[in-house]
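The values are calculated or read from the model by the stated rules, or taken from the named source; none is laboratory data. Computed from a predicted structure; not experimentally measured. For neighbour counting, all protein chains shown are included, and Cβ atoms are generated from backbone atoms with ideal geometry for every residue, glycine included.
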Ligand SMILES: [Zn+2]
């Protein structure tokens, strides 16, 4: 197997940093330490002045998703290549069965679409309806396909939305299987009525999207989902997911302060993109009616340099906390830590070398993503990934993309994560018990 050594950098994990070399054999890190002797013929990556960190994991993408009359433009090839160029080495995409479609068939569709992935990937499975078949298939999804997360849409009425009763059934099933439920938390009934009301006032443009989805609609659904999860025995593990729901519209700047506070305090644990890239042309489907504009935009390529610039350079987060929110925390939540999310002997060699002095101005002209614009256009990042390794292979180096179609592997994730085990122990301890009474004779 080919050897590779990263020399002279500072290795940053979520809990500790130190100057160290990193030796890789094949797809795996075999040693982290000072002045390691490399085998002759090993490729040498000079990381002097750089931070060497676990590759980013983006747990929320929609690649090649058929949605709202269109198909998102970044497929598994270009989405993952864009990810690697931005220091992200694994994505988790949402496998979404059409209502009534078998989860098993949807899984096969997603496996086919993802054969060309250049980085590692996994799936969340969406529960878009409820039946005995769904109940049965959820077990197969967990035990055979290695998926330990199920997504529920509380919005998109008439398409993907599930009601409270269905949520209850599915959350309870998740608790049995050791899986974690995720939600898109917006009150879909209210959104549908608000959309009609906004249109009724003559607002047909994109501004109607935000008007019809105010923060209250999101807050109520989040609370409702947490309550239902709590009733079914999915408590704290569920909160991890709830807090990183990011799909609703961009909010006013004041909301950013509370998001930063959440990240700093640890109540928000993960920064994901919800990358679902539709081109300007595709967005035009909703030229006369904002309800028909395909929902979604990019971000996979920009997440790491943007967050470094806005969080670490400003002192909002330490570099160790940066690693936590871009990689280690989600690896633990998804039960794939420390294979992913950690830079240590035995872990997969998914690594980003970030040069804190490198500058990168975000621009649609230079991005790998297939869309024709970037919502962060012109944002000047200081600190950018200069080398990305995916399973030990140079995937991105000094501005050159080397990753190839099919380099990515499907990552299976076992159920019963530590948080799930702790939570079900607590639920057993605090479960309702019948009071024993002496026989009562009438
Ligand atoms: Zn999404």
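Output the number of residues of segment 266-276 satisfying the condition of being out of contact with any strand residue (DSSP E or B) (no Cβ under 6 Å at 6 or more places or on another chain) and either within 14 Å of residue 304 (Cα to Cα) or more than 12 Å from the ligand (Cβ to nearest atom) (or both). Summing the residues that are out of contact with any strand residue (DSSP E or B) (no Cβ under 6 Å at 6 or more places or on another chain) and either within 14 Å of residue 304 (Cα to Cα) or more than 12 Å from the ligand (Cβ to nearest atom) (or both) in segment 266-276 gives 6.
Counting the residues of segment 80-97 that are more than 13 Å from the ligand (Cβ to nearest atom) and closer than 21 Å to residue 293 by Cβ gives 0. Taking first residues from segment 246-257 that are closer than 18 Å to residue 60 by Cβ and partners that are at pLDDT 75 or above and more than 16 Å from the ligand (Cβ to nearest atom), the Cβ contacts under 7 Å between residues at least 6 apart in sequence or on separate chains come to 249/210; 251/215.
Of the candidates 75, 98, the single residue that is in contact with a helix residue (DSSP H, G or I) (Cβ under 9 Å, 6 or more places away or on another chain), under 21 Å from residue 402 (Cα atoms) and surrounded by fewer than 24 Cβ atoms within 10 Å (Cβ to Cβ) is 75. The test for being within 16 Å of the ligand (Cβ to nearest atom), in contact (Cβ under 8 Å) with a residue 40 or more places away in the chain and either closer than 30 Å to residue 298 by Cβ or not in a loop (DSSP other than H, G, I, E, B) (or both) holds for residue 64. Just one of the numbered conditions (1) touching a strand residue (DSSP E or B) at 6+ places or on another chain (Cβ under 8 Å); (2) buried (at least 16 other Cβ atoms within 10 Å of the Cβ) is not true of residue 397; which one? If we test residue 397 against (1) touching a strand residue (DSSP E or B) at 6+ places or on another chain (Cβ under 8 Å); (2) buried (at least 16 other Cβ atoms within 10 Å of the Cβ), just (2) comes out false. If you go through segment 119-160 and pick out every residue that is under 20 Å from residue 80 (Cβ atoms), surrounded by 18 or more Cβ atoms within 10 Å (Cβ to Cβ) and out of contact with any strand residue (DSSP E or B) (no Cβ under 7 Å at 6 or more places or on another chain), you end up with 1.
Filtered by the rule that a residue be touching a helix residue (DSSP H, G or I) at 6+ places or on another chain (Cβ under 9 Å) and within 14 Å of the ligand (Cβ to nearest atom), segment 50-61 gives 58, 59, 61.
Of all the listed residues (377, 404, 412), the sole one being assigned to a loop (DSSP other than H, G, I, E, B), farther than 21 Å from residue 349 by Cα and within 23 Å of the chain's Cα centre (by Cα) is 377. For segment 163-181, the candidate set comprises residues that are assigned to a loop (DSSP other than H, G, I, E, B) and within 23 Å of the chain's Cα centre (by Cα); within that set, the residue that is surrounded by the fewest Cβ atoms within 10 Å (Cβ to Cβ) is 178.
In segment 215-232, the condition of being within 16 Å of the ligand (Cβ to nearest atom) and more than 10 Å from residue 154 (Cβ to Cβ) is met by no residue. With respect to the conditions (1) modelled with pLDDT under 90; (2) away from the ligand (no atom under 16 Å from the Cβ); (3) within 17 Å of the chain's Cα centre (by Cα), residue 256 lacks only one, and its number is (3). In segment 284-321, the qualifying residues are those that are without any contact (Cβ under 8 Å) to a residue 40 or more places away in the chain and part of a helix (DSSP H, G or I), and the one that is farthest from residue 15 (Cα to Cα) is 284. When only residues in segment 205-227 that are farther than 14 Å from residue 187 by Cβ and in a loop (DSSP other than H, G, I, E, B) count, which is nearest to the chain's Cα centre (by Cα)? In this case the residue turns out to be 206. Summed over segment 277-306, the residues that are more than 14 Å from the ligand (Cβ to nearest atom) and more than 15 Å from the chain's Cα centre (by Cα) give a count of 17.
Candidates 48, 55, 69, 41: the one that is closer than 18 Å to residue 302 by Cβ and touching a residue at least 12 places away in the same chain (Cβ under 8 Å) is 55.
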